[in-house]
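Written out below as structure tokens is the structure these notes cover.
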Amino acid sequence: MKTYNFIWTILVLTSILFSCKNNEDEEPDHTYQPTPYNIDIPFGFPTRIYIPDDNPLTVEGIELGRYLFYDTRLAGRADEGKLMSCSSCHKQENGFIIGLPRPHPFGLDSIPTHHAMLPLINLIWNPGHLGWNGSVSSIEDDVLAVITDPSEFGSSFEAVEKAITEIPGYPELFEKAFGSKEVKVERIAKAIAQFVRTIISADSKFDKYLRGEIQLTNAELHGFVLFTTEEGADCFHCHGGAGNPLFTTNLFYNNGKDTVFTDPVDRYSITGDPMDKGAYKASTLRNIEYTAPYMHDGRFNTLDEVINFYSHELQWSPQIDPLMHHIANNGTQLTPIEKEDLKAFLYTLSDTAFLNNPELGKPDKFPDEQ
């Protein structure tokens with residue numbers, strides 16, 4: 001019995017000693033608790049939003065993402081005298097596209113891009129078919145692609161990580177957002193994606209009309225009827241209507257722009273389906289007044305040109321989408337008054353509060369200027 005008690009005592013003391021030593025060697029307990037950010041779903045909008053499980057929205061992540069979105073040192077090429085950020089091409093006042101006059105090419109190394117850009121509007125409702133051909137599955141992947149794309153940043157992950165790490169203040173922001181000061185491109189992409197998911201437009205004149213706050217003019221109401229009827233302008237099949245406040249289906253259509261298809265990165269390049277030749281994303285019409293040039297190749301500079309195209313200039317091909325109901329007549333044949341009324345309705349989708357929202361704009365100071 002004495003031997004047993006002696007052995008038990010030794011074991012207990014040893015356990016206590018090792019426990020104390022391990023506690024002394026451990027780092028202090030810094031609990032990582034970023035602040036959750038909740039999206040306020042606008043009136044009439046879908047309640048289903050798309051946020052990756054591994055990149056939830058947080059106040060700290062969005063703040064970091066906004067800095068990175070606007071910081072022209074993000075390209076990691078300041079040592080070459082070349083500065084570029086997401087905002088260099090996605091300008092808030094133009095619905096987060098580059099706008100007119102459209103520089104072409106517009107990357108750091110003057111290499112033409114395949115397509116014109118799409119606006120960064122309401123992407124939190126996009127299920128994962130980004131780009132004109134749907135080749136990108138997430139905003140995070142898109143950011144990573146921009147970094148290395150020769151026609152955009154033309155940089156490397158290592159150069160971007162090094163550039164951001166060396167800017168005072170950023171490592172601390174990464175720690176608040178992700179739990180450590182380590183700057184990695186995956187975290188950069190996640191932070192920017194968080195910010196982009198807060199770029200929400202939902203306060204246009206048409207939104208206020210749907211909320212019962214204001215009335216539309218007779219011309220705007222007539223344009224709305226034209227927009228939502230097959231006998232009229234027949235826009236709603238691809239762009240939605242009052243029942244689809246996103247004003248896009250996020251699907252892909254051959255809308256009769258061409259008869260010969262030579263673009264190597266249309267929807268066909270993704271699906272391999274011959275019927276997808278010449279098919280592209282139906283872009284959102286929100287803030288369409290400010291998001292020229294239009295179409296995947298930016299061929300139209302004005303809404304009048306777009307409306308005239310759909311009225312009189314559609315071209316038939318075997319790949320034409322079945323929803324282009326007026327293809328036999330080369331278009332909807334809108335009259336001049338109908339064209340003006342349709343344009344009046346499209347202008348009701350402009351959201352000036354969104355275009356001037358300071359929370360979506362360039363920060364007054366960057367981390368090293370605080």
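Which whole-number percent of Cα pairs in region 59-200 have a distance greater than 28 Å?
13
Under the definition of Cα pairs under 8 Å and six or more residues apart, what whole-number percent is the relative contact order of the chain?
19
Amide H of residue 91 versus every other amide H placed in the peptide plane: which residues, excluding those fewer than 5 positions away on the same chain, fall under 5 Å?
Placed amide hydrogens put 96, 97, 98 under 5 Å from residue 91.
Among the lysines, select those whose C-alpha is under 24 Å from the C-alpha of residue 257, and discard any that sit fewer than 8 residues away in the same chain.
277, 281, 339, 343
What ³J(HN,Hα) values, in whole Hz, does the Karplus curve 6.51 cos²θ - 1.76 cosθ + 1.60 give for region 287-294 when θ = phi - 60°, with x put for Gly and Pro?
6, 4, 4, 10, 10, 5, x, 10
Compute the FRET efficiency between residue 213 and residue 39 as 1/(1 + (r/R0)^6), taking r as their Cβ-Cβ distance and R0 = 22 Å, and round to the nearest 0.05.
In this case the efficiency is close to 0.50.
Whose amide H sits under 5 Å from the amide H of residue 300, counting only residues 5 or more places off or on another chain, with H placed in the peptide plane?
For residue 300, the qualifying residues are 294.
Starting from the amide H of residue 280, placed 1.01 Å from N in the peptide plane, find each other amide H under 5 Å away whose residue is 5 or more places distant or on another chain.
For residue 280, the qualifying residues are 253, 254, 255.
Taking θ = phi - 60°, what integer Hz values does the Karplus form 6.51 cos²θ - 1.76 cosθ + 1.60 yield along region 311-326, in sequence order, with x for Gly and Pro?
Calculated HN-Hα couplings, in order: 7, 9, 10, 5, 10, 7, 8, x, 8, 4, 5, x, 6, 7, 5, 9 Hz.
When the Karplus curve 6.51 cos²θ - 1.76 cosθ + 1.60 is applied with θ = phi - 60°, which whole-Hz ³J(HN,Hα) does each residue of region 346-358 get, with x for Gly and Pro?
Here the 3J(HN,Hα) series is 4, 5, 6, 8, 6, 10, 5, 4, 5, 5, 10, 5, x Hz.
Report, in whole Å, the centroid distance computed from the Cα atoms of region 303-328 and region 334-369.
Value for the Cα centre distance between the two parts: 26 Å.
Only the coordinates and a few stated rules stand behind these numbers; no lab work does. None of the values given here were measured: they were computed from a predicted structure. All Cβ positions, glycine included, derive from the backbone under ideal geometry; neighbour counts span all protein chains shown.
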